[in-house]
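Take a look at the structure below.
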Amino acid sequence: MDWNRVEGNWKQVKGKVKEKWGKLTDDDLTAINGRREELEGKIQQHYGLAKDQAKKQIDDWYTSQTW
């Protein structure tokens, strides 16, 4: 999985991330700045998920995107 694509296009991608995980704030999205580990942490924090659950949600979301 090439997460660099997300990091490089974060300004465009963060709208899709916000659609999927609506509890993330604009400040969260700014702090994440395309970094996968930051995204995992914020999802865990806002949704009360375990790390592996957040990771799976991100994996599923990433593979569902049309790049």
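With charges set only on the Cβ (+1 for Lys and Arg, -1 for Asp and Glu), what does the dipole of region 1-62 come to about its Cα centre, in debye to the nearest 20?
120
Quick one: length gained pulling R5 to K18 fully straight, 0.36 nm per residue minus the C-alpha distance?
Details: separation 13, 0.36 × 13 = 4.68 nm, distance 1.71 nm.
Full-extension gain reported as 3.0 nm.
None of the figures in this text is laboratory data; all of them are computed from the coordinates on show. Predicted model, so just to flag it, every value in this text is computed and none were measured. In this analysis, Cβ positions are derived from the backbone assuming ideal geometry, glycine residues included, and neighbour counts consider all displayed protein chains.
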